[in-house]
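Here, each number is a calculation from the coordinates, and none is a lab measurement. This one's a predicted model, so the numbers in the text were calculated from it and none came from an experiment. Positions of Cβ are generated from backbone atoms using ideal geometry, with glycine treated the same way; all protein chains shown enter the neighbour counts.
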Amino acid sequence: MKTEEYISSGILEAYAIGELSPMEMAEVEKIISVNPELKAELLRIEIAQEKFLSELAVAPPAWVKDSLLKKIDQAAPKAKVISMPVRDSINIWKYSLAASFALMLMASFMAYYYRNKWIESENSLAELLAQNQRMASEYNTVNQRLDKIELDIKVVNNPDFKRTIMNGTANAPSSMAYVYWNETTKEVYLSIQNMKQLAQENQYQLWAIVDGKPVDAGVFDSNAAGLLKMKDMTGAAAFAVTIEPRGGKTSPTLETMQVIGNVVKG
Amino acid sequence: MFEYFLLQIPSNFNNFPHYSFVIETTTSDISELQLVARLREKDKAALELLYNRYSGALYGVIKRVVKNNDIADELLQDVFLKIWNRIDGYDASKGRLFTWMLNVARNQAIDKTRSREISKESKTGGLENLVGKVDKREFSEQPVDSIGVSESLLQLPEEQKFVVEHLYFKGYTQSELAEEFNIPLGTIKTRLRIAMIQLRKFYQVN
């Protein structure tokens, strides 16, 4: 707002008579502190107000003043100002020297103390930040695992997924694995129950028997956890797992068959 | 050293051109800033000086607002006690000492009339309050003489005189005045502004 506009709004008069809200007052005080023209205008208003009210003054009864002064004496029993006895100046110098020395010692100590505190806090802050980062990444891992488990549970609980139990062959009587297969969506998941550890160069390969012929359904390692997504499949009558060189083959090495199971019709 | 510092302030203060009239208005021997400094040190003699200088102007406002001698006497004491106790709250950069004192006095006086109205109301119910309002109106229509003859006030046009009287001497706030007499608040503000300009001319404050 322009200075003249501000002045002509009458806000300074309202300020002088004490009419403004605390917020408006603060605003006026701020503005007059930076605008000497407004400050001078306010001063003129204040002086006119003062002269006007002085002209209309009414003398209060004399006893009011006495009573007021008495009240002040009662409210504040005289706090006697005791003047410091004046000592010779050498003493004062001595004292001030001692005082400065003490102050210096105190300041050095404080500086040292707070520096240590500061370093300490820096260290703990770095530690906390690292810890925080670790927690965050751990949280992420856990979250991912949780997502995986939730997905697995959905598959296992979904009645559209037919479970085929593949039992161990004579090659590996104690081995066992499940296949979850959804005929409509064609999705295939494998769940390892018990499969022995393989040499580094080998991998398990899952086969589906479709129209009497083995069809590749993907390779996996023995240590895989949870459900493994395999290749989509249609018209499987049975599933089997063989041991193949890493990466798998186009046709199964039947002698190495580990587990096999027929898809239950129905 | 401290004293030297205090003495320095007013002299610097007066070097600014817009403050050149400060000295002129503080007619008695000690300046306003010195007075404040002494009050802050709880100098009782300074309070007496303050009282001698300003009690009349403040009493003039208080008495006219509360319209009761006993209450006015008591209020004037309260006001000066408040000034004495709260002098640290006064900031010279925000306005003159008298302005600050006037605000304390006017607010106290208005509060007093409010609390009287409220206690009246609580005793006899809303009807009394209505009567109180009518009273206020009647009082406001009395001639200026009841306020005291002031040439500065007499030379003002009727509508400006009305605003000045009600704001300074009848315990009205601007918004109350606007509401009760159906005058837009902006109009009241402008009227007060124009009236103050007239008063400034009258008292040759330029």
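If we restrict to alpha carbons, what Rg and Dmax does region A:180-266 come to, in Å?
Computed over the Cα atoms of region A:180-266, radius of gyration and Dmax are 12.3, 40 Å.
Identify all lysines with a Cα-Cα distance to A:Lys2 below 16 Å; exclude those on the same chain that are fewer than 8 residues away in sequence.
Candidates past the 8-residue exclusion: A:Lys30, A:Lys39.
Given springs between every Cα pair under 10 Å in a Gaussian network model of chain A, which of A:Ser33, A:Ser100, A:Ser251 has the largest fluctuation?
For chain A, modelled as a Gaussian network with Cα springs under 10 Å, the answer is A:Ser33.
How crowded by other chains is B:50-56, given as the mean number of beta carbons from other chains within 10 Å of each beta carbon?
That average works out to 4.
Averaged over peptide B:181-192, how many Cβ atoms belonging to another chain are found within 10 Å of each residue's Cβ?
Rounded to a whole number, the mean comes out at 2.
Please express the shape of chain A as an equivalent ellipsoid: the semi-axes are the square roots of 5 times the eigenvalues of the C-alpha gyration tensor, given largest first in whole angstrom.
Equivalent ellipsoid semi-axes, largest first: 97, 35, 19 Å.
In deg cm²/dmol and to the nearest 500, what is the mean residue ellipticity at 222 nm of chain A if only DSSP H runs of at least 4 residues count, each as -39500 (n - 2.57), divided by the residue total?
-17000 deg cm²/dmol
Could you pull out the pairs from B:Lys67/B:Lys170; B:Lys44/B:Lys94; B:Lys42/B:Lys63; B:Lys42/B:Lys82; A:Lys154/A:Lys231 whose alpha carbons sit more than 20 Å apart here?
Those over the limit are B:Lys44/B:Lys94; B:Lys42/B:Lys63.
Would you mind telling me which residue in A:Val215, A:Val142, A:Val28 has the biggest mean-square fluctuation in a Gaussian network model of chain A, where springs connect alpha carbons within a distance under 10 angstrom?
A:Val28
Under 19 Å from the Cα of A:Lys186, which aspartates and glutamates turn up, not counting those fewer than eight places away in the same chain?
Answer for A:Lys186, where 19 Å is the Cα cut-off: A:Asp152, A:Asp160, A:Asp211, A:Asp216, A:Asp232, listed by chain and number.
Starting from the Cα-Cα distance between A:Lys229 and A:Asn143, subtract it from 0.36 nm times their residue separation and give me the gain in nm to one decimal.
Additional length available on full extension: 29.0 nm.
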